[in-house]
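Working notes, structure below.
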2 protein chains.
Amino acid sequence: MREAEFLQTLHFNSLRLADGSLVNMSVPIVLAIDDAQKRAIGDRRKVALVDPNTNKPIAILSDMEIYHHNKEERIARTWGTTAPGLPYVEEAITNAGNWLIGGDLEVIEPIKYNDGLDQYRLSPAQLREEFSRRKADAVFAFQLRNPVHNGHALLMTDTRRRLLKMGYKNPILLLHPLGGYTKADDVPLCWRMKQHEKVLEDGVLNPETTVISIFPSPMHYAGPTEVQWHAKARINAGANFYIVGRDPAGMSHPVEKRDLYDADHGKKVLSMAPGLERLNILPFKVAAYDKKQRKMNFFEPSRKDDFLFISGTKMRTLARNRENPPDGFMCPSGWEVLVKYYDNLAPGHKVRETVPA
Amino acid sequence: MREAEFLQTLHFNSLRLADGSLVNMSVPIVLAIDDAQKRAIGDRRKVALVDPNTNKPIAILSDMEIYHHNKEERIARTWGTTAPGLPYVEEAITNAGNWLIGGDLEVIEPIKYNDGLDQYRLSPAQLREEFSRRKADAVFAFQLRNPVHNGHALLMTDTRRRLLKMGYKNPILLLHPLGGYTKADDVPLCWRMKQHEKVLEDGVLNPETTVISIFPSPMHYAGPTEVQWHAKARINAGANFYIVGRDPAGMSHPVEKRDLYDADHGKKVLSMAPGLERLNILPFKVAAYDKKQRKMNFFEPSRKDDFLFISGTKMRTLARNRENPPDGFMCPSGWEVLVKYYDNLAPGHKVRETVPA
């Protein structure tokens, strides 16, 4: 991003295009450089971006602009706090350089990660192509960074049912797990993908009506600001319905004993966001384990004692301790993947449980 | 403001109206209440707002909404920092209640301050009426919270000259000093108004082409976020040209040794702000004291040693110490007002000089 885009992102969560229309853009996509890199670039108008692993150039940035990286302001306006302990801030901003570089980006060839998962990395254009190949007349997207349990699956199959009832003939689910940085206690992408494969193999989700692909973004844990990015990116990829949960991209306040964001703000902010007027938001119905019916079910307040809430933190703790969740919480083959993941973590590498979410 | 407006203000600096159009709104206009007040209101749908001095009701708030006042998030998203020492935050937010109350506001009768300055408090409608009474074909607004020196005056008369050159027949200046809260080392409103009166009496500004009125807003010192509010409010009052200086509404970082905002961001953000597309921004040309010509003049880098920069802080220090600024810096009768103000400050009440701006 150049500075004009960076400022619009921070202040307005949207960019004005040359034709006067607004597109949503709520998190800056920027590249930081340090003083030495800035000096090395000097007056040059073009730089190559090089893969640090292979040392090969992967993109050319031209007609560049170098501007000040005000980290405090970036953090405050993106997260609504500057408290220490925000995972993405510590990962990518705190120690980043004091300058940002932006310009026209020309990617030399499609980026490969060579981690055995590249076949799942479809570009927005490839996804749109896949949806039209499948003759989808509605695409509903589900953002996730956790293993799929049967509550998620219920929500997704129920969404398809509702779309059919609305008159759509062939609604397709975009199951779009986040593939970039996640915090230390989240399950790594490669294990989540194995788990998602099992969920599809076991028919918990129907492969005929599901497209699974990796969303390459890092997780910001920036609540109402980030949920706009999550939705906008899926619209770009062809989705027209977006499922939004309680407190999307939220987490506990890193310092105070409370949630960082109001649980309803994500949905409210998304529904009012500039550039997302045509998005159809599908509110996430709360699912919980129904002890009577021994399966995941939509929560009914009238018989609330029949329900058991199993949080992501609780699920991870069970799998780590090789305990089984109640029958019907997750397909057994998917659960096995999780148990195997935690088994593979050497005891010395046990994950911190610092930021439950 | 209700919560939907509060959230749009914080996240988007603009509100979407029922017809789909956007209006700019960058600082929340909210009323905080504490837990006891919230309990006292209970389920009532209407409250009266009472003047604490006279105990008389001044407005009715109906169809109310009470929602959580997340102060940290409000501060971070408005100022781009949560550092302690932001003047307006300490004045109005830190100790405010944990709830915000919003609704339909019906003001019973025009607010009077009874401070001898009410004749200067024209509403936006009254200002628009005054401009049409004067048959203005262009209105240019100047926001200020400082005494007017001859550099300001040069800028304003030069702006009028430029507008005449552009073909306007009768450009009118809206001299619009800020009348709400300012930080301790700023000159209080009543003294500034006395000073502005002298500037008009002495003909430094032409009363025929100037409308002076008090802008009732408090000063937020919120840089690029606040400058949008300053401009939007003046458009509402009939202005179509807005003069923007370097680092508008900026100040030093309250904790770090740097300016809080990049000096160019105010102008850049204003030029891209949603809802302000039709605003004509007039960049502030830098004026300084020209030692050769013994008057305020537009700065010329080619003969920079001829110029002396006299900051607001420097000006206040001179007046406080009964020293005279160079001839031609300010009209003598206006300067006398400043000296009198500082004389009237008992030594025990000498103002802090903590946040130079």
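Here are the numbers:
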{"item": "Which listed residue is in contact (Cβ under 8 Å) with a residue 60 or more places away in the chain, within 14 Å of another protein chain (Cβ to nearest Cβ) and open to solvent by 40 Å² or more (accessible area, probe 1.4 Å), from B:GLU256, B:GLU277", "result": "B:GLU256"}
{"item": "Filter result (assigned to a loop (DSSP other than H, G, I, E, B) and either surrounded by 18 or more Cβ atoms within 10 Å (Cβ to Cβ) or modelled with pLDDT under 95 (or both)) within the stretch A:204-232", "result": "A:VAL204, A:LEU205, A:SER213, A:ILE214, A:SER217, A:MET219, A:HIS220, A:TYR221, A:ALA222"}
{"item": "B:THR225 being among the hydroxyl-bearing types (Ser, Thr, Tyr), away from chain A (no Cβ under 14 Å) and touching a residue at least 40 places away in the same chain (Cβ under 8 Å)", "result": "no"}
{"item": "Those residues of the stretch A:161-181 which are touching a residue at least 40 places away in the same chain (Cβ under 8 Å) and either crowded, with 21+ Cβ neighbours inside 10 Å or not assigned by the TED database to the domain that holds A:GLY245 (or both), in sequence order", "result": "A:LEU163, A:ILE172, A:LEU174, A:HIS176, A:LEU178, A:GLY179"}
{"item": "Flag if B:SER302 is modelled with pLDDT of 95 or more and open to solvent by 40 Å² or more (accessible area, probe 1.4 Å)", "result": "yes"}
{"item": "Pairs, first more than 15 Å from A:PRO147 (Cβ to Cβ) in the stretch A:306-326, second small (Gly, Ala, Ser), C-beta under 7 Å, six or more apart", "result": "A:PHE307/A:ALA288; A:LEU308/A:ALA288; A:PHE309/A:ALA288"}
{"item": "Tally of residues being of a type in the set (S, T, N, Q) and open to solvent by less than 20 Å² (accessible area, probe 1.4 Å) across the stretch A:71-92", "result": "2"}
{"item": "Which numbered condition B:LYS38 fails, given (1) over 18 Å from B:LYS232 (Cα atoms); (2) more than 12 Å from chain A (Cβ to nearest Cβ); (3) free of Cβ contacts under 8 Å to residues at least 60 places away in the same chain", "result": "(3)"}
{"item": "Conditions (1) assigned to a helix (DSSP H, G or I); (2) in contact (Cβ under 8 Å) with a residue 40 or more places away in the chain; (3) open to solvent by 20 Å² or more (accessible area, probe 1.4 Å); number of the one not met by B:LEU155", "result": "(3)"}
{"item": "Complete set of residues in the stretch B:75-91 that are over 12 Å from B:ALA222 (Cβ atoms) and touching a residue at least 40 places away in the same chain (Cβ under 8 Å)", "result": "B:ALA83, B:PRO84, B:GLY85, B:GLU91"}
{"item": "Condition check for B:ILE235: in contact (Cβ under 8 Å) with a residue 24 or more places away in the chain, open to solvent by less than 30 Å² (accessible area, probe 1.4 Å) and of a type outside the set (S, T, N, Q)", "result": "no"}
{"item": "B:ASN95 being at positive phi, open to solvent by 40 Å² or more (accessible area, probe 1.4 Å) and away from chain A (no Cβ under 14 Å)", "result": "no"}
{"item": "Selection count where residues are outside any strand (DSSP E or B) and either under 22 Å from B:VAL244 (Cβ atoms) or of a type in the set (Ser, Thr, Tyr) (or both), scope the stretch B:168-186", "result": "7"}
{"item": "Enumeration of residues in the stretch A:61-83 that are hydrophobic (A, V, I, L, M, F, W, C), within 14 Å of another protein chain (Cβ to nearest Cβ) and in a strand (DSSP E or B)", "result": "A:ILE66"}
{"item": "Pair list, Cβ < 6 Å and 6+ apart or interchain, from the stretch B:6-22 residues that are within 9 Å of chain A (Cβ to nearest Cβ) to residues that are among the aliphatic types (A, V, I, L, M) and open to solvent by less than 10 Å² (accessible area, probe 1.4 Å)", "result": "B:LEU7/A:VAL269; B:HIS11/A:VAL269"}
{"item": "Lone qualifier among B:ILE29, B:ILE58, B:ILE33 - being out of contact with any helix residue (DSSP H, G or I) (no Cβ under 6 Å at 6 or more places or on another chain) and touching a residue at least 60 places away in the same chain (Cβ under 8 Å)", "result": "B:ILE33"}
{"item": "Matching residues, the stretch B:233-266, being at pLDDT below 95, under 26 Å from A:ARG2 (Cβ atoms) and outside any loop (DSSP other than H, G, I, E, B)", "result": "B:VAL244"}
{"item": "Residue in the stretch A:38-55 that is open to solvent by 40 Å² or more (accessible area, probe 1.4 Å) and either touching a Phe, Trp or Tyr at 6+ places or on another chain (Cβ under 8 Å) or closer than 29 Å to A:GLY250 by Cβ (or both) present", "result": "yes"}
{"item": "Residues (free of Cβ contacts under 8 Å to residues at least 40 places away in the same chain and under 25 Å from A:ASN13 (Cβ atoms)) located in the stretch A:183-222", "result": "A:SER217"}
{"item": "Selection count, the stretch B:1-21, where residues are at pLDDT 95 or above, out of contact with any His (no Cβ under 8 Å at 6 or more places or on another chain) and open to solvent by less than 70 Å² (accessible area, probe 1.4 Å)", "result": "13"}
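Each row is one residue, and each column tells you yes or no for (1) within 30 Å of B:ASN240 (Cβ to Cβ); (2) not in a helix (DSSP H, G or I); (3) not assigned by the TED database to the domain that holds B:HIS69.
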{"position": "B:GLY85", "(1), (2), (3)": "no, yes, no"}
{"position": "B:LEU127", "(1), (2), (3)": "yes, no, yes"}
{"position": "B:LYS135", "(1), (2), (3)": "yes, yes, yes"}
{"position": "B:VAL139", "(1), (2), (3)": "yes, yes, yes"}
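The values are calculated or read from the model by the stated rules, or taken from the named source; none is laboratory data. Computed from a predicted structure; not experimentally measured. As a convention, Cβ positions derive from the backbone with ideal geometry for all residues, glycine included, and neighbour counts pool all protein chains shown. Side chains included, ligands, DNA and RNA excluded: accessible areas come from the protein's heavy atoms. Shrake-Rupley method; radii C 1.70, N 1.55, O 1.52, S 1.80 Å.
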